[in-house]
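In what follows, a single structure is set out as structure tokens and then discussed.
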Amino acid sequence: LLVVLISILSLQVNAFSPTQTFCRTHKPSKLELKSTKNDVEISFSHIHLYTDHIGSVSEYKELEESLNSLSLYSSSKSLSEKRELWKSQNPSADPSETFIPQNRDVVKQLLVGFGFRVTGCRLPKGKDNRNTISLLVTSRDPNGVQIVVTAADGESENSSDNYHHFDAENIHRFYEHQANRQGIAVLGFNVNDVNLIHERYKEKHPNLIHSFNSYDDAQVLEVFAYYHHEGDSNDGQQKADTGTLLRFIESKDSKAETTCKLPGLDRVDATFDESSQPAYCDHWVSNVFSRTEFLSTLRDTLGFTPKVDFNAGVVAAGEAQIESTVTGNDSLFRGADKAAVLQDQSQVYLPINNALSEVGHVHGFLEEIGQGIQHVASRVGNLVEFIQRCNDMREVTGEGFTFLNIPRSYYGVVDVAHLVKCTGMSSVLAEAAIAFLEKSGDVAPDGAVSLDATEQSITEILDKELGEDNSYQEKKDEIVAAVLESRYTNLYSLLGDNVSEETYLGIVRNKILCDVQGDDVLYQIFTSNILQREPQEEAPFFEYIQRVCAESKIQDGCKLAIKPGCGGFGIRNFLTLFLSIEVSKAMMEVSEAKAKGDQDTQRHAQQKVDCFTSQLNDANPILTQISDAMTMEGYCKEQMETELAKGGDTEASNSWKLKMQEAASEKAEGNKLLMECSARYQDMMRKLREEGVTMSS
């Protein structure tokens with residue numbers, strides 16, 4: 001049984017202030033650490049996936065052409081009409097088949113699901129020795145997300161590639177170290193001084209250096225990301241974990257217009273369909289055995305410092321426990337233009353997870369695969385439209401991505417308490433209304449109201465059943481409105497009237513998570529596992545987000561710049577992510593048991609689903625309390641420091657200090673409640689696990 005328990009919620013409150021004063025005459029100074037200067041300019045470049053197989057460029061270009069034709073045709077067509085057109089163009093396609101995430105071509109998934117295109121390649125035939133096939137896949141902004149996908153070419157195995165980073169030896173080494181699994185093998189960065197980084201690794205972490213090569217257009221340094229968890233080598237030095245690589249690229253022509261700075265790729269022309277959005281790198285997440293060791297390495301070599309620690313209070317999602325720290329650089333980018341903030345990739349964030357118990361997703365990942373990249377997160381300008389497009393394309397073509405299951409209770413359900421609170425109606429009348437709506441099928445047994453329900457459809461049902469009840473007639477409009485609003489009532493408590501009903505329903509329909517930090521909003525969603533051969537195997541996944549940053553304001557003649565990372569990292573959703581992983585697994589168990597007619601296993605798996613869902617419902621208000629307190633703590637600290645910088649008003653600074661301490665106390669109380677919640681569900685899941693062991697024996 002894989003379940004998750006999460007350590008969470010100690011925030012460096014100054015790390016994600018929503019805004020920062022920005023004047024043309026002011027240049028932020030670079031942060032200096034005691035051990036390493038943060039003087040390396042670094043930005044996201046690309047991720048490198050190693051896969052079992054890649055198709056031909058012509059095959060993918062034919063697919064892109066079909067997708068572009070579908071986009072031109074589909075502006076006013078229904079999904080069924082689009083599906084029929086797709087089947088007529090692709091006779092072998094059967095979109096009606098149940099979507100199976102395993103053993104898929106990740107390039108096709110990216111092209112169809114996210115609207116990406118093949119914009120570069122390195123093929124076996126050419127003047128250089130080449131023993132792999134590589135494709136570069138990007139979003140419609142070629143300088144945004146860049147995904148290099150490589151597979152070994154069996155016909156050229158005896159040769160070696162002149163560009164070391166494309167040689168098949170890398171794939172063999174990675175597979176051997178990662179339990180013969182496909183995966184996200186390399187994190188690539190653009191840097192301004194690769195020699196300086198090389199010198200720092202030589203001085204402090206020489207055993208991590210893999211290769212350092214100079215080519216006509218760039219220098220490329222590759223280092224192993226992590227140390228081996230089993231201790232030192234015979235010479236007393238720490239051994240490198242020879243799986244995941246960090247790749248640093250310094251282009252010899254800083255003004256070059258090439259899409260990806262990685263040497264050896266040939267450009268491929270591409271046409272994007274009108275509905276696709278540009279995507280940009282936001283953060284890349286590792287699962288490791290020693291979080292502090294990786295943090296230390298990044299500090300020594302790149303000057304990275306921790307930004308957020310999810311490790312002060314304990315949240316139980318079953319029996320497991322993890323810690324997580326977000327580390328990164330201090331980008332000098334500041335701007336008030338939201339488009340520029342979306343596109344900037346100079347702020348690098350690397351969240352790092354480690355397991356503290358021998359159950360749960362992170363522990364299972366480490367046990368099955370070893371240390372590696374859990375997922376990569378990219379941001380877009382409109383996440384609801386981005387994910388709606390992905391879900392529609394999967395329905396039309398049978399290709400793309402599915403996403404983790406989020407219980408409807410995360411967004412809101414209708415119950416007696418909700419109707420009584422919103423309308424003042426009696427509990428008896430509320431019970432009757434819900435019963436009639438359940439009978440009609442507009443409300444599910446768990447209280448989830450149909451997303452297709454309308455004011456007219458709900459009114460017709462209640463009028464038919466309760467039309468002669470005077471108390472119903474007096475409050476009819478309020479009752480109908482409360483029923484419909486219940487579909488997103490939890491989100492409404494966070495966002496209020498700042499979001500339209502259409503957007504609220506789009507969020508719920510597409511199972512998007514939402515968090516608020518100060519005046520900033522973060523939307524998140526996670527795909528099902530990618531590069532997975534068998535169900536239940538641990539594998540990486542993608543995350544997509546949208547950061548809705550607070551509006552710029554004018555203060556003392558200066559614009560308030562939007563700071564990278566506005567909206568944080570989803571404190572309220574941190575638990576939801578790991579719970580949804582486990583809910584998805586448990587729901588799969590339910591389906592499999594139902595198909596086999598195994599009622600005992602089905603009942604047991606459903607109990608796990610119910611337990612995880614119940615914990616999510618109980619934890620959400622506590623997480624909101626903590627999030628609000630953390631935001632207030634950061635704001636008060638910022639105001640206190642502003643008053644101190646003025647050099648005079650100690651009364652004002654002391655007032656802000658007192659408010660900051662009150663917010664810190666509120667946060668501590670929330671952490672205490674969260675730990676108590678954790679303990680309850682830890683005990684419940686332990687009993688379920690023991691019951692499962694008894695059943696299997």
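The values are calculated or read from the model by the stated rules, or taken from the named source; none is laboratory data. Here the structure is a predicted model, which is why all the values come from computation and not from measurement. Cβ coordinates were reconstructed from backbone atoms using ideal geometry, including for glycine residues, and neighbour counts include every protein chain displayed. Quick note on the areas: whole protein, heavy atoms, side chains included, nothing else; ligands and nucleic acids left out. Shrake-Rupley method; radii C 1.70, N 1.55, O 1.52, S 1.80 Å.
As an exercise, identify the chymotrypsin sites (Phe, Trp or Tyr not before Pro) in the range 88-182 lying in DSSP coil whose Cβ has no more than 16 other Cβ atoms within 10 Å.
Phe99
Could you rank the peptides 677-685, 498-506 by their average count of other C-beta atoms within 10 Å per residue, with the highest value first?
677-685, 498-506
With the crude spin-label approximation of a point 7 Å out along Cα→Cβ, what separation in nm comes out for Ile100 versus Lys439?
Result: 4.3 nm between the two label points.
Could you do me a favour and compute the accessible area per residue for the chain, 1.4 Å probe, result in Å²?
Normalised by residue count, the accessible surface of the chain is 43 Å².
For the chain, build the charge dipole from Cβ charges (+1 Lys, Arg; -1 Asp, Glu) around the Cα centre, then report which of His172, Leu221, Phe526 sits farthest towards its positive end.
Leu221
With a 10 Å radius around each residue's Cβ, average the other Cβ atoms per peptide and rank 448-455, 325-332, highest first.
325-332, 448-455
Using the per-residue mean of other Cβ atoms lying within 10 Å as a proxy for protection, in what order, highest first, do the peptides 146-153, 531-538, 419-426, 468-475 fall?
Top to bottom by mean Cβ count within 10 Å: 146-153, 419-426, 531-538, 468-475.
Which cross-chain or sequence-distant (5 or more) residues have an amide H under 5 Å from the amide H of Asn129, H modelled 1.01 Å from N in plane?
Under 5 Å from the amide H of Asn129 lie the amide H atoms of Asn162, each far enough along the sequence or on another chain.
Which whole-number percent of Cα pairs in the range 47-160 have a distance greater than 21 Å?
45 percent
Using DSSP H assignments, which helices in the chain have an axial alpha-carbon span of 27 Å or above and a mean Kyte-Doolittle hydropathy of 0.0 or higher?
Answer set is 571-596.
Starting from the range 243-308, pick out the GluC sites (Glu not before Pro) whose DSSP state is loop and whose Cβ has at most 15 other Cβ atoms within 10 Å.
Answer in residue order: Glu257, Glu274.
What's the carbon and sulfur percent of the chain's accessible surface, probe 1.4 angstrom, rounded to a whole number?
The computed percentage sits at 46.
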